[in-house]
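Below is one structure; the comments refer to it alone.
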Amino acid sequence: MQGGAQFPSGLVVAAFYRFAALEHLPELRAELLALAADRGVRGTILLAAEGVNGTIAGPEAGVEAVLERLRQVAGLERLEAKVSRADEQAFHRLKVRLKREIVTLGRPEVAPYLASRVGTHVPPERWDALIAHPDTLVIDTRNVYEVAIGSFAGAIDPGTERFREFPQWVERQLRPLVDQRQPRAIALFCTGGIRCEKATAYLQQQGFEGVHHLQGGILRYLEEIPEESSRWRGECYVFDQRVAVNHRLEPGQHSLCHACGLPLSPADRALTSYLEGVSCRHCLGRFSDADRQRFAERQRQIERARERGQQHVGAAMPPLPREA
């Protein structure tokens with residue numbers, strides 16, 4: 001597959017995006033739904049006037065067919081995908097949605113598909129040298145719960161719950177920090193490259209200089225950089241049922257809370273606040289007693305199904321957090 005490894009058997013997961021000025025989106029949506037359903041492909045694809053963003057899983061031939069159809073669209077000819085192995089289907093259904101933005105910054109005037117408006121792309125093999133320089137500000141543009149699972153050593157965590165909070169953080173904290181430190185470069189990164197690419201376009205528009213972003217995101221970096229020499233620490237959160245992947249792009253040790261959908265480490269699951277299917281440290285005070293009773297009954301049904309060697313639908317579908 002373009003932009004990823006070849007796997008001779010089993011299922012693959014492909015994460016992709018590309019900014020481009022797109023038209024005729026309802027017709028494209030209908031074609032993708034039919035094609036993916038016919039080829040056994042599931043996942044989520046977002047279409048907007050600014051481009052495409054998606055993660056899909058299925059047989060390699062089916063996934064490649066969907067990607068090739070997208071590459072036939074004007075502006076998406078160079079669409080690449082970060083591909084990893086999956087032992088089982090990572091999604092439960094297929095969704096192709098029409099959106100105002102493929103990643104929500106809340107600033108419609110930002111146009112990342114115009115090359116003049118984005119920062120410098122930095123390939124993984126040059127990334128470590130850039131972020132190791134003492135005059136580089138390294139910024140993680142992901143959500144706070146993603147950063148908690150893993151990040152690059154020394155990166156700044158803006159502490160945002162959603163990507164659309166990034167512009168406020170820029171004015172409140174980044175601009176004063178840049179004025180104080182006068183960095184040689186500002187280096188941004190995210191999971192697959194989409195958020196940091198849009199963030200660099202926003203920073204360029206706001207007058208920041210020396211803006212760079214990790215080409216292909218963390219997933220491309222983990223694919224190409226040997227673990228023994230990597231500056232990455234921890235696991236990388238992904239927006240599918242794998243929850244997180246390790247440096248070898250294999251499913252990691254995190255799981256999702258079935259109550260709130262936020263990721264849990266082995267240490268989180270060892271806390272007294274964690275009751276499988278009912279509560280965790282993230283949501284202990286978030287739900288009502290009635291909610292907790294409902295969650296507990298669902299968990300009992302899941303366990304009874306497990307004893308019979310069956311899978312209850314609730315066991316496989318915790319509410320995934322949203323990327324933006």
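The values are calculated or read from the model by the stated rules, or taken from the named source; none is laboratory data. Source: prediction; values computed, not measured. For neighbour counting, all protein chains shown are included, and Cβ atoms are generated from backbone atoms with ideal geometry for every residue, glycine included.
Within the range 90-107, identify whether any single residue is in contact with a helix residue (DSSP H, G or I) (Cβ under 9 Å, 6 or more places away or on another chain), within 27 Å of E161 (Cα to Cα) and either among the polar types (S, T, N, Q) or without any contact (Cβ under 8 Å) to a residue 40 or more places away in the chain (or both), and answer yes or no.
yes
Can you tell me which residue in the range 301-315 is nearest to C260 (Cα to Cα), limited to those that are modelled with pLDDT under 65 and loosely packed, with under 14 Cβ neighbours inside 10 Å?
Out of the qualifying residues, it is V313.
Does L46 satisfy being in a loop (DSSP other than H, G, I, E, B), in contact with a Gly (Cβ under 9 Å, 6 or more places away or on another chain), not β-branched (V, I, T) and not assigned by TED's automatic domain parsing to the domain that holds G216?
When the stated conditions are applied, L46 does not pass them.
Hey, among R300, R281, which residue is in contact (Cβ under 8 Å) with a residue 12 or more places away in the chain and not assigned by TED's automatic domain parsing to the domain that holds N143? Steps first, please.
Details: R300 fails: in contact (Cβ under 8 Å) with a residue 12 or more places away in the chain.
On inspection, the qualifying residue turns out to be R281.
Could you say whether any residue in the range 125-139 is within 25 Å of R184 (Cα to Cα) and among the polar types (S, T, N, Q)?
Taking every residue of the range 125-139 in turn, at least one turns out to be within 25 Å of R184 (Cα to Cα) and among the polar types (S, T, N, Q).
Test D240 against the criterion of being under 30 Å from A14 (Cα atoms) and in contact with a Cys (Cβ under 8 Å, 6 or more places away or on another chain), and give yes or no. Even if it seems obvious, please write down each step before you answer.
Numbers: under 30 Å from A14 (Cα atoms): yes; in contact with a Cys (Cβ under 8 Å, 6 or more places away or on another chain): no.
No, not satisfied.
Could you name every one of the helices (runs of 4 or more DSSP H) located completely within the range 105-215 that has at least 1 residues being buried (at least 20 other Cβ atoms within 10 Å of the Cβ), in contact with a strand residue (DSSP E or B) (Cβ under 7 Å, 6 or more places away or on another chain) and at pLDDT below 95? Before you say what the answer is, go through the steps one by one.
Details: elements: 124-132, 144-149, 166-169, 175-181, 194-205.
Fully inside the range 105-215 and qualifying: 194-205.
Here are some conditions: (1) modelled with pLDDT under 90; (2) more than 23 Å from C196 (Cβ to Cβ); (3) of a type outside the set (S, T, N, Q). K82 meets all but one. Which one does it not meet?
Here K82 clears every test but (2).
Pick from the range 12-41 the residues that are surrounded by fewer than 20 Cβ atoms within 10 Å (Cβ to Cβ) and basic (K, R): which of them is farthest from I56 (Cα to Cα)?
Top of the filtered list is R29.
Which residue is surrounded by the fewest Cβ atoms within 10 Å (Cβ to Cβ), if the candidates are limited to the range 219-229 and must be of a type in the set (A, V, I, L, M, F, W, C) and either in contact (Cβ under 8 Å) with a residue 40 or more places away in the chain or closer than 14 Å to R18 by Cα (or both)?
I225
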